[in-house]
Structures are given as C-alpha cells and as structure tokens.
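Heads up, the thing below is written out as structure tokens.
The values are calculated or read from the model by the stated rules, or taken from the named source; none is laboratory data. Owing to the predicted nature of the structure, the values given are computational and were not obtained by experimental measurement. When we count neighbours, we look across all protein chains shown, and the Cβ atoms used for this are built from the backbone with ideal geometry, even at glycine. Each accessible area value is taken on the protein alone, full model and side chains, heavy atoms only, with ligands, DNA and RNA left out. Shrake-Rupley method; radii C 1.70, N 1.55, O 1.52, S 1.80 Å.
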Amino acid sequence: MVSVQKLNCSWSLVATIASIVALVSVVQLFLFPSGPSFNFFGYNQVKDSCFLINGTNYCETKGKNDILQNKWQPLNARFPSDLHKAVVYRGAPWKAEVGQWLSGCSSVATPVKVNEQISGKKCKDDCSGQGVCNHEFGQCRCFHGFNGDGCSERQELSCNYPATEELPYGRWVVSICSAYCDTTRAMCFCGEGTKYPNRPVAESCGFQVIPPTEPGAPKDIDWSKADHDNIFTTNASLPGWCNVDPVEAYALKVKFKEECDCKYDGLFGRFCEIIVSSTCINQCSGQGHCRGGFCQCENGWYGVDCSIPSVHSTVDDWPQWLRPSQVNIPDNGSVGGNIVGFKAVVEKKRPLIYVYDLPPEFNSILLEGRHFKFECINRIYDQDNATVWTDQLYGSQIAMYESMLASPHRTLNGEEADYYFVPALDSCIITRADDSPHLNMEEHRGLRSSFTLEFYRKAHDHIIQQYPYWNRSSGRDHIWSFSWDEGACYAPKEIWNSMMLVHWGNTNSKHNHSTTAYWGDNWDEVSPDRRGNHTCFDPDKDLVIPAWKRPDGTALSLKLWARPRKERKTLFYFNGNLGPAYDHGRPEATYSMGIRQKLAEEFGSSPNKKGELGKQHAEDVVVMAQRSDTYYEDLASSVFCGVMPGDGWSGRMEDSILQGCIPVVIQDGIFLPWENVLNYESFAVRLGEDEIPNLVNILRGFNETEVEFMLANVKNIWQRYLYRDAIMLEAERQKSAYGYIKDWAKELSELSDDDVFTTFVQILHYKLYNDPWRMQQTGLKKETGIPQECLLKV
C-alpha cells in the first residue's frame, strides 16, 4: 500500500510506476483535497456543522447525541407540530411529516462509501478534434454541425429555406441570411472579402429597410431584398456594417446600419469587436474551453461541463465532489497507460444523484447554436469577462443543472444512485424552435408544445437504449426539468412516472385545459396517443421549484427581505400586466385566466383606457399596470403582495418572498414553489379566485400578531427561493480566473441559510425513504447512513 497526500502527475505515469514496482496487485492511493476548495469568504456548498430544529440550534458533538438519546420515541412525539401544523427545520416551517423526518433523520445522516467509476474507454479517431469523447462508453459527443462515430462528417445546416421567385432567400426564419452562412451552425456572418469577416449579419441586418409610412410608425423589413450596397460598403457616408471600423464609428466619423447588432454569444461591443467568454455549463469547470456554448474538454476530461475525470486526468484537478478518494488502480494497466477504468472510493451523504451525460443535441448543441445570446441562460460576459446576470426567468434550469453537476451528492455510480437526472433543456429547445430550417416545426403544425414533447421522448428513448436504470423502477426514480410556462403539461406519457421539476403546479382540479394565451404553446391539441391523459402536476411525486431571479448587489445590500412591519405602509401591492383594459396590456381575454383582470376591476389604483379606477380602490392598495421604476422597493414597502399567473406561471412568488412581503396566492388548484412540502399557512395567504372581491376585507382581518408571524417566517425562508449555490459557483470561478469580487458575490457570501438547491436535496432525502413506492421495494438494500428507525413509517 502506498499512501499519497499530494500527487502532481497524470494517471498514466501512476500506472507506469505501478507496473514497474508491482509491490502489490492493487495500489491504494488516499487522496485529499490539495487544490482550492469551493469556499468563498467562508461559504460552503453543504453545511453540516450546525442545524436548526424547532428553533433550537444543534452544533457538532452536542446536536446528534441530543437528538438520538430518545430515539425510541416516534418522530411526531419528539418533534410536535405548532398551531399552524408546521414543524420548523433549519428555520423553515415544513409540513409536519416532512419536518419531523428531516429533524430526526436527515439531520443526523452520516456518509456512506461509494465506489465511483473512473473510466478510460477510447473514442474513434479521438473524435477528429470535432467533439468530446465520453470515456464511459467510448462514444463521441460531436460539436454543432458534425456527426458520425468519429465526428468526421460535416453537416450542411442551411440558414435559409428554399428560394422562390418571390423570396430569393426563402421565407423568413431567425437564421435568414443574405451574406455568408456558417453551415455548421446556421449562423450568418460578413464572410471573406470584408474587413470583419466574423461580424454577425443577423436577421434584419442583411435586408433592406422599408421606411415608416407616417411619422412615429415603425420601420419594416423587405425580406426579399438583400441590403448588400449598405452592409458591404466602404463609403463612410453610407450606413455600412462589415467594413465599419469600430474606432471611427464610435467617433461618429462613419455611418453604420442601426439594424445590425451583436446578437451572437462570445462577442461584445456595439460592433462585436471584443471577443469574450461564451456561456457554457459551469464554464467547463476549468477543464476545457467554451466554444459558443459547447465545452471542448481538455485531454482526460469529459461531460457536458468537463467535470468528469477519465483515467488520463491529473489527480490534483479532480473536482470537490470526488474528494477525498481512496483510489484502486489495477496492476495490469500497461506501461502505455491503457487502463480501461478503476474505482475511487468516496464518502458521500445520500441522496446520491446520477446525472446522465446525454448526447449534445439535448443540451450543448442547443447552447452553441443560439441565435440570441440571452436565450435560455442566466448570464453572459462583458468586455472584461465579468459576469452579467440576466433576467431570463427560465435561467433556473441552467442554475439547477450546474448545482447538480458540482454537488457532493453527485455520483458516477449508477448502481449506487438514488435518483437519475435527465438534463434535457426545454428552455433552449423552445426558444430555438423554428429559428432555423433544421429546427422547423412543420410536422408539429407550429406547436412548440408538440415539438418539445418529441424532444423529451427522444431523450427517454436514448436512456432506455443506453442505460439499464429506467426499467428498474419504470422511471419513478428519474427527474426531468420542465421550465416553460405550463411546466410538464406536454410531457410524453412514457416519462410521466418520473419526478417533474416545474414552475407550474397545475393539478388540473379546476383549470383542466391549456391556460396559456399563446397558441404555439397550447397543449390541448397534442394527441392523447402521445401525451396520455396525465395532469400537469402531481403533488405526490413532482416539485414546483422557484424561478430564476438575478442577484442584484444593491438590492441585497439594502436587505429588503428584513424590512420591519412598521416600514411597510401599503396593505396590498401588485404591479404587472392587467390585460386589454390597460395601455400595452395583453389583448387576450384568456391571459392570466382572467384573474389579473378581475383584480383590476375591483382594486385598480391607476386609470384604465376608459379613465376608470377599480370599484373598490383604496389608498393603501396598489394594483397598477405600468411597470414601477421602484418595483422592488415598492414590494418591500408592502405587507401583502399579489401572486397570480401570467401565461402559465409568473415570477411573482419569488418577487414577494425575496422582498420580505407576504404572498397572497390567487390561482385555484395550482401549486407554487415548495408548496407540497413547506407549510404555506405559516407565511402565505391563499384565496380562491371567487374571493377576489373580498380580498381587502380578508387581509384587513389579520391581526398584528398574525401579520408579524408570517413576516418573520418569510424572513426565515427567503433564501430558499434564491439560487445562491449556482451563483456562488460562478463567484468562485470569477475570483479564481480574474480575481473579481463583485458586489453580488460579496453580499451573497455573507448569507448562510439554505437556498434552492439545498432545499431540493433535503426534499429528495425525505422522499427517498418516505415515497410509498420506495417503501414497497424489496431486494438488495443499500447502506443508508441514517438510523434504522428512520426507515420506518412513524
């Protein structure tokens, strides 16, 4: 046995030494963290030293013994619920049964030993330099525009639909191009022969502009006529683009076409003159290069974010979730380092999550081929490669994915896993649907719901064919993410047994049809043969998770969530689209299922198109359509805040909680984030849609003790609606690569309560031992790391 504390060599060299020395049949290396840890100003991804149970702080040696000394008592006796039927665990009021199990069992969990498989299968031709080798299967993951076993086949992905006499560039599509088309990505550029060949010529940039017909009217675009005379001109007096020098343009010495801009990722500046980082999953974990959204991994690494080490990786670079490890290397590895694989024993706490390394068409290719840099991601990078967070509500899907990939609960051992996450990114496929000819929806009649259903079904078919795990539970231990407006309403019937992570918890108990006002997302027209007859949400198995909200350093520094009752002067507040009765309102009567419109009819505090206020408008009730410039400040100055749907879900719950306002939920039969596990009665008010006329009377009926109680609970749980873990992973990357410590990073590093991802893991742990189907399982039992009595239903 050889004990090694720090190793700065590759596994190939270790194998060589092992073969030569041959002291024993197995070399055991005990590896401990030697690189930088994900500890930013004291922030740790998983905190185990202290925990709150019903208001008592248990720390280290004291806590676990105190909890276990009465282990023969039932959990409901040891952790009784309060008057609101809640049990507080780590500051949050949970539904009693959940809170009791977490308090008595999850809090005392210990690590189990897991055999992680480090693989080394080779790929054909090393993927020809046009892909990444998945060393688990020896399969290539090809970049956008390449395919084949060795990624040697170049695809021809046209920017344009077939030409007609009337439309020489084909019918309009987002990728339409009158200049040079990069057919590996269906993207349009200036091309050779111009001063700036890699400058995008996206959409209207390359076509002639039709002037307004009257003052104040919008311009139009003639998609049948290229604008080459302008975009290719070298004449400074004409509005050019492909030969415009940025220095001269900024100095206003030359004209440029205003319709041209820098839409593609990886470029910054008004004239795309600065090459910056693109957005990739976990920015390739420091083990690869982000090429437009697809991680090109360094030798020895693979996975969507280059976080999986192969046998050819360097031990010092192993990720935190594989440390510390006891590694067994077989002595039959050749001197050339052709080891097929070896085991690394790592201690981990359950639940253990296996993340499928899907083919890139389900994730990386969708990111690499984006025609608009803000689509389906939560950040881009500025001219200094500093993070710019976006308001993209669907960015939660990326945040959850990134946290899962970097979590100590992740495992490479599918046999030992408790859950299996299928990373199919619907936030990308929906925003990219029909944006180029190879993603057309003709066979789906223009329905993105149908198009996306097929996307998920293909992912299901892949894991059925490639892996053995699905059939063992009929998919019940699998997790899928549906981030779009109506969540999993259009999930294919084949995957409905699984857990769905959604933002829209419609049980269909009242609204048993598609609720979106946008016809392209309507799922009513999807055949039951493909969709089945499932509901949109099943609270017994699914979870509604919070939407993405960008971290704002200024707002965080103001600590709006902690604003006391005496500074909250507005009784009720709602600011948002109120429908067709207001200027710039959504024209559809079905928008918000009519709920926002009913609220405005009763309590509108600003005039509608007819100059009318709501029938019951009051001085301390704000219901307005025009976006407030002080929106977050207004929320923090209110006691109660409205939470109602938009086109499906909206982000109003998160807005309320993050500003410390008590949510007033008005959407019958539709669950909100964590509502099937947290005790909403402790911090929110839920009203029936038919109670809207009585809204203000109901809210005035709460006494100050009840209001203070709910405000205090909102203050205790607000971080469970914030993706702090994923944000801090980015903060660590920025600090490590550039030394940046931005205001948002500093403010978040000072927070310590459980966030979205920690809450998610706690729920998975509870469900692992309490879901009825799991309790009925027989066969091989895995090491649990929890007391035996926690496996009993008490």
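Please state the equivalent ellipsoid semi-axes for segment 134-251: what are the square roots of 5 times the Cα gyration tensor eigenvalues, largest first, in whole Å?
34, 19, 12
The orientation-averaged shadow of the Cα convex hull for segment 662-769, equal to a quarter of the hull surface, comes to 9.6 nm².
Around GLN117, with a cut-off of 12 angstrom between Cβ atoms, what is the net charge of the other residues, counting Lys and Arg +1 and Asp and Glu -1?
Numbers: positive: LYS121, LYS343; negative: GLU116, GLU136, GLU415, GLU416.
Result for the neighbourhood of GLN117: -2.
Calculated accessible area for segment 491-633 comes out at 47 Å² per residue, all protein chains present (probe 1.4 Å; ligands, DNA, RNA ignored).
Using a 1.4 angstrom probe, figure out how much accessible area segment 651-724 has per residue, in square angstrom, rounded to the nearest whole.
Values: 2170 Å² over 74 residues.
Computed with neighbouring chains in place, this is 29 Å² per residue.
Within straight-line reach of LYS263, meaning a Cα separation under 12 Å, sit the following aspartates and glutamates at least 8 residues removed in sequence or on another chain: GLU203, GLU375. Checking the Cα-Cα distances for LYS549/LYS742; LYS255/LYS373; LYS121/LYS343; LYS348/LYS746 against a 20 Å cut-off, the pairs over it are LYS255/LYS373; LYS348/LYS746.
Legend: Rg and Dmax of segment 446-596, from Cα coordinates, 19.5, 61 Å. Its Cα gyration tensor gives segment 245-352 an equivalent ellipsoid; the semi-axes, largest first and in whole Å, are 46, 15, 10. Enclosing the Cα atoms of segment 553-718 in their convex hull gives a volume equal to 113 cubic angstrom per residue.
Of the accessible area of segment 727-790, with the probe set at 1.4 angstrom, what percent is carbon plus sulfur?
Working: 1450 of 2860 Å².
So the carbon and sulfur contribution to the accessible surface is 50 percent.
Here LYS541 is the anchor, and the lysines within straight C-alpha reach of less than 21 Å, apart from those fewer than 8 places off in the same chain, are LYS95, LYS493, LYS510, LYS767, LYS793. Apolar share of the accessible surface for segment 552-623: 52 percent from carbon plus sulfur atoms, 1.4 Å probe.
Relative to the present Cα-Cα distance, how much length would full extension add between TRP172 and GLN117 at 0.36 nm per residue of separation? Write down the numbers at each step before the final one.
Numbers: separation 55, 0.36 × 55 = 19.80 nm, distance 4.88 nm.
Length gained, TRP172 through GLN117: 14.9 nm.
With helices as the sole contributors, the chain gives -6000 deg cm²/dmol at 222 nm; each DSSP H run of n ≥ 4 counts as -39500 (n - 2.57), and the sum is divided by every residue. Sequence-distant contacts, meaning Cα pairs under 8 Å at least 6 residues apart, place the relative contact order of the chain at 13 percent.
With a Cα cut-off of under 18 Å and a minimum spacing of 8 residues unless on different chains, the lysine pairs in segment 553-718 number 7.
What is the antiparallel percent of DSSP beta bridges lying wholly in segment 553-718, to the nearest 5? Each step should come with its number before you reach the end.
Details: 1 of 14 bridges.
Antiparallel bridges: around 5 percent, rounded to the nearest 5.
Excluding LYS95 itself, what net charge comes from residues whose Cβ is under 10 Å from its Cβ, given Lys and Arg +1 and Asp and Glu -1? Spell out each step's value before the answer.
Details: positive: LYS85; negative: GLU97, GLU675, GLU681.
Net charge in that neighbourhood comes out at -2.
Note on the chain: the alpha carbon radius of gyration divided by the globular reference 2.2 N^0.38 Å gives 1.00.
Annotation: the antiparallel percentage among DSSP beta bridges lying fully within segment 349-544 is about 20. Annotation for GLU192 and GLU633: the two label points, set 7 Å from Cα along the Cα-Cβ direction, are 5.7 nm apart.
The alpha-carbon of LYS113 sits under 20 angstrom from the alpha-carbons of these aspartates and glutamates, leaving out residues fewer than 8 places away in its chain: ASP48, GLU347, GLU415, GLU416, ASP418, GLU783.
Ignoring ligands, DNA and RNA, what percent of the accessible area of segment 441-528 is carbon or sulfur (1.4 Å)? Walk me through the numbers on the way to the answer.
Details: 1380 of 3240 Å².
Carbon plus sulfur share of accessible area: 43 percent.
Using a 1.4 angstrom probe, figure out how much accessible area segment 127-281 has per residue, in square angstrom, rounded to the nearest whole. Don't jump to the answer; show the numbers that get you there.
Working: 7480 Å² over 155 residues.
Normalised by residue count, the accessible surface of segment 127-281 is 48 Å².
Diagonalising the gyration tensor over the Cα atoms of segment 727-790 and scaling each eigenvalue by 5 before taking the square root yields semi-axes of 39, 13, 10 Å, largest first.
How much of the DSSP bridge set in the chain is antiparallel, in percent, rounded to the nearest 5?
Values: 58 of 86 bridges.
In the chain, approximately 65 percent of DSSP beta bridges are antiparallel ones.
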